[in-house]
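Note sheet for the following structure.
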Amino acid sequence: MLVLFETAAGYAIFKVLDESKLQEVDSLWKEFETPEKANKVVKLKHFEKFQDTTEALAAATAMTEGKMGKSLKKVLKKVVAKEAHEQLAISDAKLGGVIKEKLNLNCVHSPAVAELMRGIRTQMEALITGLPPREISAMSLGLAHSLSRYKLKFSPDKVDTMIVQAISLLDDLDKELNNYIMRCREWYGWHFPEVGKIITDNLAYCKSVRKIGVRTNVATTDLSEHLPEEVEAEVKLAAEISMGTEVSEEDIGNIMHLCDQVIEITEYRTQLYDYLKNRMMAIAPNLTVMVGELVGARLISHAGSLLNLAKHPASTVQILGAEKALFRALKTRRDTPKYGLIYHASLVGQTSAKNKGKISRMLAAKASLAIRYDALGEDTNAEMGVENRAKLEARLRHLEEKGIRRISGTGKAMAKSDKYQHKSDVKVYDPSGDSTLPSGSRKRKFEEVEEEELATPVTVKTKKSKKDPVEEPEVSTAAEETPKKKKKKAKKAEAVEEAMDVKDEEEEATVSPTEESSKKKKKKKKVKEEEGE
């Protein structure tokens, strides 16, 4: 059995002297405890040294990718092909498949081979003759540096570290510019305070102060290069009646030096912004089209890299940058934030307040697709970003216009609106609850035994009871009847009246004065009848 062993200095091919020892995998490491024992197990048959670092880098790159380089192919044809019947032990199974396919050699990869490779690596300096240890270490270090540089230079356009640094520097420059300009306005304001309100643009202010110097020079200074004519005339008029204090030439010199710094930083910021814009279009063109270069760069910077950002779901991209508000909302059990850094995108900014949440959610979904396409796709065009942005703008128009047409679906069906019907809230008065008299059904229980004539005076409910014609025939009939019948009827009438009085007390009802008067009249008539008897 032959063993292919790769080193930083070149390829080494060993011959296994005792193959029976490979069967004992657990105790194989004992055979490589000393160089003497190792020489009894394997023996160096051929060593192919690399000519320079470039060849070593090419061979190492091919090995990591599972490919067979030119130098390896040359060695295998030169040494191993002569002994085709021998098995070739290799450390990479993928490389073994390539060797077997191209050179028709029987390759072996097993745990015993892995343990054998580990033992050879421990005694590599003793097994490979002709290479001093110092040279091997130097070549290993040089190959490691070259391989690292190669991986960094593999796709320089895809290095997003530059974007992270550029956007961080841009934010720092903005903070410093604000501090410098505020200090400049406050400092020069002691000498010429009126010009601070007249010239609102910071860069134009610094350039004008740089050119004016002392306030008395305004009349003879031409500011048309930096200011419009109206503003220039206003500045010259304000200089004549200025309330500022006098300053020395040294003070003016320091103020002008500060203005120079502001102008230089502003120019550098503009240059840095152009660089960032070009870099974003080269690395993440679809993301740049969707959210803009500044927001896209901040998203990449916040995630750490474009690849890390591509691993985030759309819901995380939507609230990226609002982590503090999110965890505070979760802790207090309130509404979670709807947007983070994506809030500053132009599509969200031009939306009304009620639709910002919807648009930010849709924009995050499309932006996450664009990020994955930019990070993992091979094309570098921005066609997908332009197409998705057009869809979002159309959706935004539908939301803003509040159209009748449906947003989703075919769009041909019209939304049906219910017919408006005015429902009055005015309530009608119900007079049924006004009467406090008991219902007729209760009275009929006492009058079922007698004739229906006796029930008529008792069941009177209205005020018309005074004029009721039923009372007169009752009196006339009572005079014609015999005295016995009158007594019986009088007793029964008294019993009915007592029962009705008890019912009235239980119901706690009040009787109207007209009804009381009618009852008194009835009682008087009954008393007269008894006296007549």
Considering only protein heavy atoms, what is the solvent-accessible area of residue 354 at a probe of 1.4 Å, reported in Å² to the nearest 10?
130
What nm distance separates the two modelled labels at residue 77 and residue 103, each placed 7 Å from Cα along Cα→Cβ?
1.1
Length released on extending from residue 365 to residue 401, taking residue separation times 0.36 nm less the Cα-Cα span:
10.7 nm
Histogram of C-alpha separations across the stretch 107-147, 5 Å bin width, %:
5, 20, 18, 18, 19, 15, 4
Using a 1.4 Å probe on heavy atoms of the protein chains only, the accessible area for residue 434 in Å², nearest 10, reads 90
Here the alpha-carbon Rg of the stretch 311-362 over 2.2 N^0.38 Å rounds to 1.14
Check: the stretch 160-273 dipole with +1 on Lys, Arg Cβ and -1 on Asp, Glu Cβ, in debye
120
For the stretch 2-151, one quarter of the surface area of the C-alpha convex hull, expressed in nm², comes to 8.6
Dimensions of the stretch 214-255 along principal axes (Cα, Å, largest first)?
30, 22, 14
Stokes-Einstein D for the stretch 282-400 (20 °C, 1.002 mPa s, Kirkwood Rh from Cα pairs), in µm²/s, comes to 149
How about the stretch 206-267: which GluC sites (Glu not before Pro) there are in a DSSP loop, with at most 12 other Cβ atoms within 10 Å of their Cβ?
225, 246
Links that overshoot a 32 Å alpha carbon limit, given the list 49/311; 324/358; 37/78; 277/358:
49/311
Solvent-accessible ranking of 47, 327, 32, largest area first, probe 1.4 Å
327, 47, 32
Suppose R0 equals 56 Å; then what is the FRET efficiency for residue 393 and residue 33 from their Cβ-Cβ distance, rounded to the nearest 0.05?
0.15
Ratio of the Cα radius of gyration of the stretch 146-228 to 2.2 N^0.38 Å, where N counts its residues
1.81
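The values are calculated or read from the model by the stated rules, or taken from the named source; none is laboratory data. Not measured: the values here are computed from a predicted model. Glycine also receives a Cβ, built like all others from the backbone with ideal geometry; neighbour counts cover every protein chain displayed. SASA here: full protein model, heavy atoms, side chains in, ligands and nucleic acids out. Shrake-Rupley method; radii C 1.70, N 1.55, O 1.52, S 1.80 Å.
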